[in-house]
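Only one structure is covered here, and it is reproduced in the block below.
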Amino acid sequence: MLIEFIRLGGLSVLFLLHCAVCGFALAERLSLWAQAGEPSRNRYFEWFFAISHGMLLNILLLVILGAYGNLNLQWVLGGATFLLAVAVWSLWSRKNRFSFESPGLTGLETIVVSALLVMTILAAMHAPGYWDDTMYHLPLARAYLQHQAIVVHEYIRFPLFPQNVNLLITLGLMLGGELVAQVFATLPLFVMALGLLGVSRWQTGSVNAGVLAALSLFVLRPIGDTLGYAYIDNGLALFCWGSALALAIWSASMPARSHTVWLAVAGVLAGAAAGSKYFGMVFALLALLYVPIRCRGWKPVSVFTAALLLTGAGWYIRSYVVSGDPVHPAGGNVFGTFLWDQGDLLVQKQEQASFGVSPATLNIFAALKAAGAGLWILALPSLFLRRLPSPIRCFQFIFVSYLLFWFFVTQVDRYLAPIYAVATFLSWFFVDRICRLPWVHGLFAKRLRWRIRISVVAQIIVLLAVVASVWGQLRHARSAMVRWDAALSGRAGYTLFSKANEVAPQLGARMLQVGFENAIYFFDGVSIGDWFGPGRYRNMLDCSTGTCGVIEPDKMKALMSGFHARLLVIATKRFPRFDEQAYEQYFDILARDSDGVLLVLKADASGAAK
């Protein structure tokens with residue numbers, strides 16, 4: 001485990017440093033911190049925005065290479081080297097002007113930052129296979145690497161979604177397999193933590209609230225359930241947090257109305273979020289709405305919109321060109337369907353409505369509790385605090401507006417990603433404000449020396465929380481790495497898909513699967529079958545009797561012929577109504593386990609499916 005940790009840690013640090021150097025060069029060219037006011041002396045902000053911008057530059061590099069069919073290790077390393085060389089040259093040419101004048105970190109802060117990075121890497125040290133990672137994100141990344149290009153994978157559930165963060169996962173898969181892909185998908189949490197530490201120092205005078213907020217990110221259920229798996233939500237959350245922070249800095253410097261660089265930064269990062277997931281587009285529109293509320297006039301709105309389109313429009317244009325729907329498949333009722341049909345859209349709508357509490361109840365507290373984000377209830381009373389600075393009011397606008405959208409449209413816990421950081425910081429900011437009230441101090445003592453003791457106690461609590469969090473992640477990672485093979489074998493479908501890999505060279509690399517959509521990454525060929533899209537289960541299942549079972553073998557044979565597949569795997573545990581004797585007329589059984597059965601269409605029955 002130690003060797004693996006060193007490998008993952010080395011790759012992570014190299015990637016973060018590469019992003020930081022590129023981001024520092026960009027910030028220097030834009031004179032970013034000359035227009036930031038008080039935050040310009042905040043080391044956390046400097047590194048946060050440098051890494052965020054550098055990460056976006058690396059994603060744009062991958063987009064260009066993927067568009068031209070050069071998404072391979074040689075071109076990626078060459079492009080990254082070119083970016084680094086340009087950044088170093090840019091910083092060197094302005095060495096007399098470029099310097100770190102912000103104060104350094106205290107010993108405790110150094111420990112905290114190091115611990116957060118260690119926690120991030122440890123969190124990703126486990127076998128893949130939570131759900132969406134092996135159903136969508138990893139298969140898409142592998143398809144890109146196999147074709148060395150950004151292609152339309154028609155049998156993936158969302159082939160035309162915005163895919164900025166998916167390209168980070170692709171990069172990780174290229175550099176070191178599933179583990180590195182999982183680390184790269186989790187690193188945005190560490191970068192978000194830097195921003196939380198920075199805004200805490202800016203708005204509270206200490207990093208205590210920021211540390212507690214950062215540690216909360218690792219345990220809140222919307223994040224914790226998929227922590228360390230190859231999901232894109234952490235990357236989406238990072239870009240949304242960066243945009244919110246840039247908006248807050250712009251809002252705080254409003255007397256200098258001519259300074260629009262931070263507004264442009266907010267728009268660029270909002271565009272990066274929109275280019276990562278459709279919910280990022282929702283966040284971007286809400287952030288755009290805040291601009292005219294804070295500052296009247298067409299220029300601020302125009303700057304934000306132009307920056308937003310610069311980094312956010314590309315994936316939507318691609319989706320429109322390929323499918324006629326810029327937000328495929330969500331716009332199917334307006335723009336027409338492609339790959340999905342009306343039945344798929346209806347099933348998706350019904351699934352979304354099954355989460356959380358009924359919007360008719362107007363019970364946001366219950367919805368947050370059901371989503372595992374009960375901590376954020378503390379952010380709501382912060383709305384009633386008086387004499388708050390404009391950055392906090394900016395955060396509150398984003399938090400409330402997106403929370404209302406989420407409550408009335410979809411209550412899937414992960415779809416809270418755009419406000420992970422904003423909501424968590426506001427919650428701990430409220431706690432900090434309450435603890436600073438005079439009457440709270442009066443409950444204990446009114447002497448200054450007691451206040452000093454309180455600050456020391458707070459630092460001890462923070463340190464203990466950090467140590468406990470690192471120890472918990474270490475124990476979890478050690479156990480997960482030891483149980484790697486057992487964990488994979490325990491994933492439904494893994495054993496059958498592994499057997500399919502063994503016979504694929506003789507029987508073909510295309511396979512129909514029914515009920516194992518979350519395991520398709522484990523088959524190295526083309527796995528066809530999902531609730532949505534061309535391989536929809538509705539064509540493979542008969543649900544006329546109330547319980548669903550696979551269709552009759554002659555119908556399945558005809559369906560497989562249309563997909564040119566001979567291999568078939570069925571999740572009999574999930575769909576127990578399976579007539580094995582009837583299927584033996586056309587199929588041979590290759591393997592079975594407690595979850596299902598792997599079959600092959602007999603050679604004399606395969607016909608066009610050969």
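Among the residues of the stretch 213-230, the ones that are open to solvent by 10 Å² or more (accessible area, probe 1.4 Å) and either over 21 Å from Gln473 (Cα atoms) or not in a helix (DSSP H, G or I) (or both) come to 7 in all. From the list Gln148, Gln163, pick out the single residue that is in contact (Cβ under 8 Å) with a residue 60 or more places away in the chain, open to solvent by 10 Å² or more (accessible area, probe 1.4 Å) and not acidic (Asp, Glu). It is Gln148. Among the conditions (1) crowded, with 19+ Cβ neighbours inside 10 Å; (2) in contact with a Lys or Arg (Cβ under 9 Å, 6 or more places away or on another chain), the only one that Gly525 does not satisfy is (1). Scanning the stretch 394-411 for residues that are open to solvent by 10 Å² or more (accessible area, probe 1.4 Å) and at pLDDT below 95 turns up Phe408, Val409, Gln411.
Matching residues to (1) open to solvent by less than 50 Å² (accessible area, probe 1.4 Å); (2) closer than 19 Å to Asn234 by Cα:
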position	(1), (2)
Arg43	no, no
Ser52	yes, yes
Val63	yes, no
Asn70	yes, no
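If the condition is being assigned to a loop (DSSP other than H, G, I, E, B), over 18 Å from Tyr130 (Cα atoms) and out of contact with any Asp or Glu (no Cβ under 8 Å at 6 or more places or on another chain), then the stretch 480-523 contributes only Gly508.
Of the helices (runs of 4 or more DSSP H) lying entirely inside the stretch 310-369, those containing at least 3 residues that are under 21 Å from Arg414 (Cα atoms) and out of contact with any Asp or Glu (no Cβ under 6 Å at 6 or more places or on another chain) are 342-352. Take the conditions (1) in contact (Cβ under 8 Å) with a residue 24 or more places away in the chain; (2) out of contact with any helix residue (DSSP H, G or I) (no Cβ under 8 Å at 6 or more places or on another chain); (3) closer than 22 Å to Pro39 by Cβ; Arg387 misses just one of them, which is (1). Of the listed requirements (1) out of contact with any His (no Cβ under 8 Å at 6 or more places or on another chain); (2) modelled with pLDDT under 95; (3) not acidic (Asp, Glu), Ser253 misses just one: (1).
Report whether or not Ala141 is open to solvent by less than 30 Å² (accessible area, probe 1.4 Å) and closer than 20 Å to Tyr521 by Cβ. Yes, satisfied.
When the stretch 529-542 is examined, which residues are found to be within 13 Å of Ile570 (Cβ to Cβ) and either within 24 Å of the chain's Cα centre (by Cα) or crowded, with 23+ Cβ neighbours inside 10 Å (or both)? Result: Gly529, Met540. So which residues in the stretch 551-580 are assigned to a helix (DSSP H, G or I) and either open to solvent by 10 Å² or more (accessible area, probe 1.4 Å) or not assigned by the TED database to the domain that holds Gly529 (or both)? Residues satisfying the conditions are Pro553, Asp554, Lys555, Lys557, Ala558, Leu559, Ser561, Gly562, Phe563, Glu580. Whenever a residue of the stretch 391-420 is in contact (Cβ under 8 Å) with a residue 12 or more places away in the chain, its partners that are among the acidic types (Asp, Glu), lying with C-beta atoms within less than 7 angstrom and at least six residues away or across chains, give the pairs Arg414/Asp233; Ala417/Asp233.
The values are calculated or read from the model by the stated rules, or taken from the named source; none is laboratory data. Everything numeric here is computed off the predicted structure, so don't read it as measured data. Backbone-built Cβ (ideal geometry, glycine too); neighbour counts: all protein chains shown. When the accessible area is computed, the model is the full protein with side chains, heavy atoms only, and any ligands, DNA or RNA have been set aside. Shrake-Rupley method; radii C 1.70, N 1.55, O 1.52, S 1.80 Å.
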